[in-house]
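Shown next, in structure tokens, is the structure this report addresses.
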Amino acid sequence: MIFALFFGAGNLIFPLHLGQLAGRNWLIATIGFLITGVLLPLFSVLAIAITKTDDVYGIAKPVSNLFATCFMILIHLTLGIMCASPRTASVSYSVGIAPLLPSKWHNIGLVIFTAIYFILTFIIAYNAGNILENLGKILNPIFLVLLFLVIIIALFKPLGNPADFSATASYAHSAGVNGFLEGYNTIDALAGIAFGVSVISAVKSMGVTEKNEVAKITAKSGFIAMTMIGIIYFLLILLGAMSLGKFKVSAEGGKAFSQIVTYYGGTLGQIVLASLVTLTCLTTAVGLVSSFAQDFHSHFGGLKYRKWLAITCFASFMTANLGLELIIKWTFAILMFLYPIAMVLIILALFSPLFKGDHVVYKVSVVLTIIPAFMDLIAHLPAPISETSFCKMIIDIRLKYFPLSDIGLSWVFPTLLGIIIATLVHVWRRKNNKI
């Protein structure tokens, strides 16, 4: 269940692209990627287990009710209509359909494909059946078997030696940091916060109710699942680096995946694997839009589940037609804001027993994280927005006053400062019987 939660067909495009960008520095980049793409998602599920919360709102509530509501909305918008759900459609199109069409048909083809895709998504989610879920239990293993087959063939018949290929400019000197930031694109840490309660519920359904035992079982099963995902990521990054022997660095990983599969399997192999990618992405999309509609109906009861479902499917269709490359750019900017906040909340949740969930610790730490995280968002907005006078002013302030801003980690020192200050305040409050 944890494996299925964190690995969708779309996740394969980012490690492949990372390998192409990193070239000979692929191993260092891999280490950074695994921290945010594997380790942090595991911690997010453990955080849910330790704090015994039910959803995103619960893990953010110690900051304030208003913050928790806003954070929940942002997380679900990111997992729903802004990023993850549209991306499942655009990845499917980029990998499966676009390579088979003349370039002049790409735009209209995207509109037609995404319309059909989200109509099917709506119909399946509307009926709230488990047909597609059961189908996914068959399709996902087949997809993984075929993916491993491609990887094994690629290892025995390599496209090139990664050591022979230079890294792109950004990966030449900061491969580990850029791999760390690329891991944001998996969105798995946010998914862990949003859906981790499902894992905890599954453990409890087996008759395990004691808090420490639930956390222990979650940690064990999570370690196994995330190790499997880590191995897949490792191999995909290596495959992406090797692909430079035959192909140039692609604009996004979907094209790279299509090129590699077509090289080894021909058009037929590309069609078969692309079909499976589309179907597995569809199962993910149904889960995403259903979760969005259920949570928004639960917290904002003015609209029923099926109306929220219609809204999220239509909005996802509109976003998907921006194209995969632009979606990835906008997603990355949003994640530069959300990921630091999510990381702080996850860390605080893991250590919350030590400070009894003191809301002051949460507030100080999060406030000092939000400021630089917002600046990182501004700095990574796509052009021409990032070139406006306001954005340039924010970027200049960020570079001047926040260490590590040049490598996208301006939040690190303010966050550490916040945690230290918050800890000292907590110790003082306990000493003076304020809590």
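Taken together, the values in this text are just the output of simple stated rules run on the coordinates, not laboratory data. The structure presented is a predicted model; accordingly, all values stated were derived computationally and were not measured. Note that each Cβ is placed from the backbone with ideal geometry, even for glycine, and that neighbours are counted across all protein chains shown.
A convex hull fitted to the Cα coordinates of the chain yields 151 cubic angstrom per residue.
Considering all different alpha carbon pairs of segment 160-314, the Kirkwood hydrodynamic radius works out to 19.3 Å. Taking a ≥ b ≥ c as the square roots of the eigenvalues of the Cα gyration tensor, segment 305-348 is classed as oblate, since a/c reaches at least 1.5 and a/b does not exceed b/c. With q set to 0.15, 0.18, 0.26, 0.27 Å⁻¹, the log10 of I(q)/I(0) for segment 355-404, from the Debye formula over equal scatterers at the Cα positions, is -0.49, -0.62, -0.92, -0.96.
Can you give the relative contact order of the chain as a percent, counting alpha carbon pairs under 8 Å and 6+ residues apart?
Result for the chain is 31 percent.
Checked against a 23 Å cut-off, the cross-linked pairs 61/400; 157/255; 61/307; 363/431; 52/356; 220/329 give Cα-Cα distances beyond that limit for 61/400; 61/307; 220/329.
Across segment 87-104, coupling constants 3J(HN,Hα) worked out from phi with the 6.51/-1.76/1.60 Karplus curve, θ = phi - 60°, read 5, 4, 6, 5, 5, 4, 5, 4, 7, x, 9, 3, x, 8, 10, x, 4, 5 Hz, and Gly and Pro carry x.
Using mean Cβ contacts within 10 Å as the protection proxy, how do 328-340, 166-178 order, highest first? Don't skip to the end; give the middle numbers.
Values: 328-340: 21.2, 166-178: 17.9.
Per-residue mean Cβ counts within 10 Å order the peptides as 328-340, 166-178.
Computed from Cα positions, the angle between helix 253-299 and the longest principal axis of the chain comes to roughly 30 degrees.
One compactness figure for segment 317-435 is 1.29, namely its Cα radius of gyration divided by 2.2 N^0.38 Å. Of the peptides 380-392, 209-221, the ranking by mean beta-carbon count within 10 Å, highest at the top, reads 209-221, 380-392. State the answer as a single residue: which of 364, 194, 268 lies farthest towards the positive end of the charge dipole of the chain, with beta carbon charges of +1 for Lys and Arg and -1 for Asp and Glu, about the Cα centre. The Cα lying farthest towards the positive end belongs to 364. Measuring nothing but how far apart in sequence close Cα pairs (under 8 Å, 6+ apart) lie, relative to its length, segment 351-435 scores a relative contact order of 40 percent.
Shown in residue order for segment 145-159 are the 3J(HN,Hα) couplings computed by the Karplus curve 6.51 cos²θ - 1.76 cosθ + 1.60 at θ = phi - 60°: 4, 5, 5, 5, 4, 4, 5, 4, 4, 5, 6, 7, 10, x, 6 Hz (x for Gly and Pro). Helices in the chain, meaning DSSP H runs of at least 4 residues, each add -39500 (n - 2.57). Divided by all residues, the mean residue ellipticity at 222 nm is -24500 deg cm²/dmol.
Its residue count N sets the reference 2.2 N^0.38 Å, and the alpha-carbon radius of gyration of segment 1-140 equals 1.28 times that reference.
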